[in-house]
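The values are calculated or read from the model by the stated rules, or taken from the named source; none is laboratory data. This is a predicted model, so every value here is computed, not measured. For neighbour counting, all protein chains shown are included, and Cβ atoms are generated from backbone atoms with ideal geometry for every residue, glycine included.
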Ligand code: HXC
C-alpha cells in the first residue's frame, strides 16, 4: 500500500512539474506565472480540485509518442472565489507551448460541461501557441468542440477569459465568445493573423504588441474589457469581477455586506450640473457617489469613453450601470458607445442584474463616418437591448435627453420601471438653438427675434416637467437624494416579473 501511495505522489509531483524546471524558468523570465501559479492566485487558498491530471495525448506522429507529459498542457478543475464555486482551465505554456491537442480540448470541454450542468462560471486562462501542429485536424476539431460549448454556455453561466500569453489564429474565437476578456500588457496578444502574415499580405509592418496587445484591444478594438500590468493584477481583478456576478442565469448575484447607509445624501450633487449647459462634468462622480462605498468596477473603461459601463452595489446587491459621459464627445451616442453599452445591457439582462441608467445625452454623433459605419444598425443594438431587457430598470436623467437618444436610454417607453429626472433635466426633440433654427427659419436674419424664440423654446422644454406631466418621468428628484431614490426603487423591484413573448431567439441587428 505504501508503495502505491508513493507512486501516486510521484506521479502527481511529476505532473505538477509541467514542462520542467528549464521551461518554468523561461516562463518566469518573461514576467509570466505558470499555469498552476495562476490558478493558485485566482482561487481561494487550498480550494483547487484538479481533474484529469494524468491525461496524456494520443498522437503518434512526428515522434510524439516519445513525449507524453501528464496533463497535456492544460490544468483543469474547480475551486472557489470568496467561497463561491467556479470552474477553471489554465493552459500550460511549458508543455508544447500550451498548444491545444485533441485531449487538451477534451479536458476543457469536460469542465465546461460540468460548469453548465452545475451552474458555475468558467474562467479560462489562455497561454497557448494554438492548434497542436503535430495533430492537425484532430486539434481543429478540438477547438470547434470548445467553441460549441462557448456558444451553449453563453447566457447560462458567466464565462471569463484571461489572456496571459499568445492567443492567435482561430483560437481567438473561444475567448471572443465569452463575456469578459482581461489581458496583460506586454505579455499577451490576440490576433487572427500575426505580424508576419500581415506584412506579407498587406505590406504593413507592425509588432505583435501593436497588432494585438492588451492596450490595442482595450482601447482600439474593444476585444478586451481591461488591460493589466501583470498576471497578478489581472487575476486579482478577475476575482473582484466574479464577486459581482451570479453563478448562473437562475441565481441572483450575491448580496455582500455593506457599510454605507442606503439613505446617504450627497449635497454636492446639487451643484454637479454646471450653469452652462454646454459645459461638461464627470459622470464618474455621480456613479461613485451613488454606489455602496463608492466602489465602481468599470468595464471597457478605455474604449468609447463617451459612455460608462460597469458594476456597483446598492444595499449590497449588484447593479449594472450605463451612463453617458459628458466629458467625451459631449456624451453623444455613436457606433462604439452603442455597441459597448448594448453588449453590457444584454449581459446584465441574461444574468438577472438590474440596470441603472444615468442619462445626459445630446443625441447621436453626426457625420459621414458614423453613417457609413452603420450607426443606424449599431444604435439600434442599444435600443434593442434595452427594449428586450426584462430586469429591473431604473433611469435618472440628469441633464440632456434629446431626440432618439432619449428613447434609447432606458426610457419609460422601453419598459423603464422607474424613471427619475433631476430638476436640471431637459427632455426635448433637440437643443433649443437647433430647434429654433428649424422652426423659425424665416426669422434667422433677426438675431433678437431668434434669441426670443430660443428663450421661448427653452422655457417650454428645457425642463423635466413636460415629460413628468405625461408620466414619462415618475418623479423629479433632488440630485442629493439620488442614491436613496435609486436604492429604494431597486428594492421595490426585487420581485419584478416580466417575460417576453416566446420565440426561438430574437434577431438583434448585428
Ligand atoms: C506544437 C508548439 C506550438 C504548436 C509552440 N510549440 N506552438 N508545439 N504546436 N502550435 C512548442 C514549440 O515547439 C516549443 O517547443 C515550445 O512550444 C515553446 O515555443 P517557442 O517557439 O520556443 O516559444 P516562443 O519563442 O515564446 O514563441 C511562442 C509562439 C511560437 C509565438 C507561440 O511557438 C509559435 O509561433 N508557435 C506556432 C503558432 C502557430 O502557428 N500555431 C498554429 C496557429 S493556427 P520546445 O520543445 O522547443 O520547447 C491555430 C488554428 C486554431 O491555432 C484553429 C481554431 C479553429
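Kindly indicate which of 304, 275 is closer than 21 Å to residue 407 by Cα and out of contact with any strand residue (DSSP E or B) (no Cβ under 9 Å at 6 or more places or on another chain). Full working, then the answer.
On the way: 275 fails: closer than 21 Å to residue 407 by Cα.
Matching residue, one of 304, 275: 304.
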Residue count for segment 30-66, restricted to those that are farther than 25 Å from residue 242 by Cα and either without any contact (Cβ under 8 Å) to a residue 24 or more places away in the chain or not assigned by TED's automatic domain parsing to the domain that holds residue 236 (or both): 4
Tally of residues being within 25 Å of the chain's Cα centre (by Cα) and in a loop (DSSP other than H, G, I, E, B) across segment 108-130: 6
Per-region count, segment 462-497, residues over 24 Å from residue 429 (Cβ atoms) and assigned to a helix (DSSP H, G or I): 14
Selected residue [closer than 25 Å to residue 506 by Cβ, assigned by TED's automatic domain parsing to the domain that holds residue 20, within 16 Å of the ligand (Cβ to nearest atom) and modelled with pLDDT of 95 or more] from 156, 95, 151: 151
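The rows are residues; the columns are (1) closer than 30 Å to residue 251 by Cβ; (2) within 14 Å of the ligand (Cβ to nearest atom).
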site	(1), (2)
6	no, no
30	no, yes
57	no, yes
63	no, yes
84	yes, no
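Determine whether residue 161 is in contact with a helix residue (DSSP H, G or I) (Cβ under 6 Å, 6 or more places away or on another chain), crowded, with 23+ Cβ neighbours inside 10 Å, in a loop (DSSP other than H, G, I, E, B) and at pLDDT 95 or above. Show your work before the answer.
Values: in contact with a helix residue (DSSP H, G or I) (Cβ under 6 Å, 6 or more places away or on another chain): yes; crowded, with 23+ Cβ neighbours inside 10 Å: yes; in a loop (DSSP other than H, G, I, E, B): no; at pLDDT 95 or above: yes.
No; evaluated as a whole, the condition is false for this residue.
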For residue 179: the one exception among (1) closer than 17 Å to residue 109 by Cα; (2) away from the ligand (no atom under 16 Å from the Cβ); (3) touching a helix residue (DSSP H, G or I) at 6+ places or on another chain (Cβ under 7 Å): (1)
For residue 249: the one exception among (1) under 23 Å from residue 101 (Cβ atoms); (2) not assigned by TED's automatic domain parsing to the domain that holds residue 100: (1)
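With in contact with a helix residue (DSSP H, G or I) (Cβ under 7 Å, 6 or more places away or on another chain), within 13 Å of the ligand (Cβ to nearest atom) and not in a strand (DSSP E or B) as the only criterion, which of 144, 171 stands out? Steps first, answer last, please.
Details: 144 fails: in contact with a helix residue (DSSP H, G or I) (Cβ under 7 Å, 6 or more places away or on another chain).
When all the criteria are applied, what remains is 171.
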Residue list for segment 427-461, restricted to those being touching a helix residue (DSSP H, G or I) at 6+ places or on another chain (Cβ under 7 Å) and in contact (Cβ under 8 Å) with a residue 60 or more places away in the chain: 430
Of all residues in segment 131-140 being more than 9 Å from the ligand (Cβ to nearest atom) and part of a helix (DSSP H, G or I), the one that is surrounded by the most Cβ atoms within 10 Å (Cβ to Cβ): 138
